[in-house]
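Q: This is the structure I have questions about; it appears just below.
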Amino acid sequence: MGASHINSAEDARRLARRRLPWMIFDYIDGSAGSETGADRNRAAMDALTLRPRILRDVSNRSLGTRLFGDETRRPFGIAPMGMCNLSGPGADLMLARLAARHKIPHGVSTVASTPMEKIIEVAEGHAWFQLYFSGDGTGTFKLVERAKAAGYKTLVLTVDVPEVGRRPRELRHGFKMPFRIGPRQFIDFALHPRWSLTSLAAGKPQMANFEMPGYEFDRTESRAKADWDTLARLREAWPGNLVVKGVLDAEDAVALRDAGVDAIQVSSHGARQLESAPAPIEMLPLIRAAVGDNYPLFYDSGLRSGEDALKAIIAGADFVFFGRILQFAIAAAGEPGLTRLWEVLSDEMSIAMAQIGVDRIPVHPRN
């Protein structure tokens, strides 16, 4: 089955589950603890309803919007995700080409499988670099300078990983980065030959941004030293747009705004960090009220459809980001699968806009 069988994000997930080794699927799909946080996110999103309106001319709808002064063709982009090439060879560059076509930001993870320089080139500049602060910060600020030299204009500091969350599905499979293949993984891969023959033939996945002299990255290294002074240093060092991602508290949001951060991304890291975190979609309106109507506010976590994305925009987000479902589409059917799911998400949002009687983004009550 190919891309034509993807008619929803759940279709992509179901196909990916068949084709990916169990270890890889659970790395992408898994959440913290017993995964009640992921369930809470989904339940909160499902509980939101939209207000249908009738007899409005919505025959000429647009999904375009503006982001940091630039036009985009969609009000949603690509969330930063680590090691995307595990979902399929060349996944990072598939996402970069999608970003270029639709003029939307491709979040390039610190732990991407492809060097940041190559991704922004293929994305034709439509890429943001996502940064983790690790250890004493020496390597972190090297990455900041490298992103600046590569032409990135927006830096996304992720702040909700002081320590990497415990994800039992990863632990059961012995998932580690850098990537290691032991007897258990060998059996898993042997039972999924299609993935193994294509992915492993392309070379063992690497964390490409750390292949530079004098710097080694440990995924489990503590990031707990980052504090408000760290943010001030970063603000001073970075001349472009600075986004802080992983915010779920209104007081923190106000403090970030007042510290000179250009935008905030409301996120629970896809429920991968703190199992007991509140559902981000419930915190979004509170944070919007706290920072004011005109402050840029982004959203990710738990989005599974274009209708979900529209709910988040109505709840207060200016722009939203899809994450793991894009990897599922790549795992299911490669680049055609990614293109197909993007079309599905776009159609879902456009149809939902028609149903509620709006023809353009933004659709906040404040507008």
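The values are calculated or read from the model by the stated rules, or taken from the named source; none is laboratory data. Since this is a predicted model, take the numbers as computed values, not measurements. Glycine also receives a Cβ, built like all others from the backbone with ideal geometry; neighbour counts cover every protein chain displayed. Only protein heavy atoms, including side chains, enter the accessible area calculation; ligands, DNA and RNA are left aside. Shrake-Rupley method; radii C 1.70, N 1.55, O 1.52, S 1.80 Å.
Q: List pairs: first in region 311-337 and free of Cβ contacts under 8 Å to residues at least 40 places away in the same chain, second open to solvent by less than 20 Å² (accessible area, probe 1.4 Å), Cβ under 8 Å, 6+ apart or cross-chain?
A: Ala312/Ile281; Ala312/Leu284; Ala312/Tyr299; Ala312/Leu303; Ala312/Val320
Q: Also, quick follow-up: Determine which single condition Lys118 fails, assuming it passes every other condition in (1) part of a helix (DSSP H, G or I); (2) farther than 17 Å from Thr154 by Cβ; (3) open to solvent by less than 20 Å² (accessible area, probe 1.4 Å).
A: Only one criterion is unmet by Lys118, namely (3).
Q: While we're here: Going through region 57-112 one residue at a time, which ones are assigned to a strand (DSSP E or B) and either at pLDDT below 95 or closer than 17 Å to Phe322 by Cβ (or both)?
A: Correct list: Thr65, Leu67, Thr72, Phe76, Gly77, Ile78, His106, Gly107, Val108.
Q: Which one of the conditions (1) open to solvent by less than 20 Å² (accessible area, probe 1.4 Å); (2) at negative phi; (3) of a type in the set (A, V, I, L, M) does Leu93 fail to meet, given that it meets all the rest?
A: (1)
Q: Here is a list of conditions, (1) part of a helix (DSSP H, G or I); (2) at pLDDT 80 or above; (3) under 30 Å from Ala333 (Cβ atoms), and Lys245 meets all of them except one; can you say which number that is?
A: Condition (1) is where Lys245 drops out.
Q: Just checking, does region 135-157 include any residue being in a loop (DSSP other than H, G, I, E, B), open to solvent by less than 10 Å² (accessible area, probe 1.4 Å), touching a helix residue (DSSP H, G or I) at 6+ places or on another chain (Cβ under 7 Å) and not aromatic (Phe, Trp, Tyr)?
A: Scanning region 135-157 turns up at least one residue that is in a loop (DSSP other than H, G, I, E, B), open to solvent by less than 10 Å² (accessible area, probe 1.4 Å), touching a helix residue (DSSP H, G or I) at 6+ places or on another chain (Cβ under 7 Å) and not aromatic (Phe, Trp, Tyr).
Q: Any idea which residue in region 160-181 is nearest to Pro21 (Cα to Cα), counting only those that are of a type in the set (A, V, I, L, M, F, W, C) and open to solvent by 70 Å² or more (accessible area, probe 1.4 Å)?
A: Among residues in region 160-181 that are of a type in the set (A, V, I, L, M, F, W, C) and open to solvent by 70 Å² or more (accessible area, probe 1.4 Å), the one nearest to Pro21 (Cα to Cα) is Ile181.
Q: Considering region 31-65 alone, what residues qualify as being surrounded by 14 or more Cβ atoms within 10 Å (Cβ to Cβ) and over 30 Å from His269 (Cβ atoms)?
A: Val58, Arg61
Q: OK, next. Consider region 319-367. How many of its residues are basic (Lys, Arg), in contact with a helix residue (DSSP H, G or I) (Cβ under 7 Å, 6 or more places away or on another chain) and outside any helix (DSSP H, G or I)?
A: The qualifying residues number 0.
Q: Of the residues in region 266-280, how many are in contact with a strand residue (DSSP E or B) (Cβ under 8 Å, 6 or more places away or on another chain) and outside any loop (DSSP other than H, G, I, E, B)?
A: So the count comes out to 3.
Q: To continue, here is another question. If His5 meets every condition in (1) under 30 Å from Arg172 (Cα atoms); (2) at pLDDT 95 or above apart from one, which number is that one?
A: (1)
Q: Taking the options Asp11, Asp92, Asp57, Asp39, name whichever one is among the acidic types (Asp, Glu) and within 22 Å of Gly107 (Cα to Cα).
A: Answer to the selection: Asp92.
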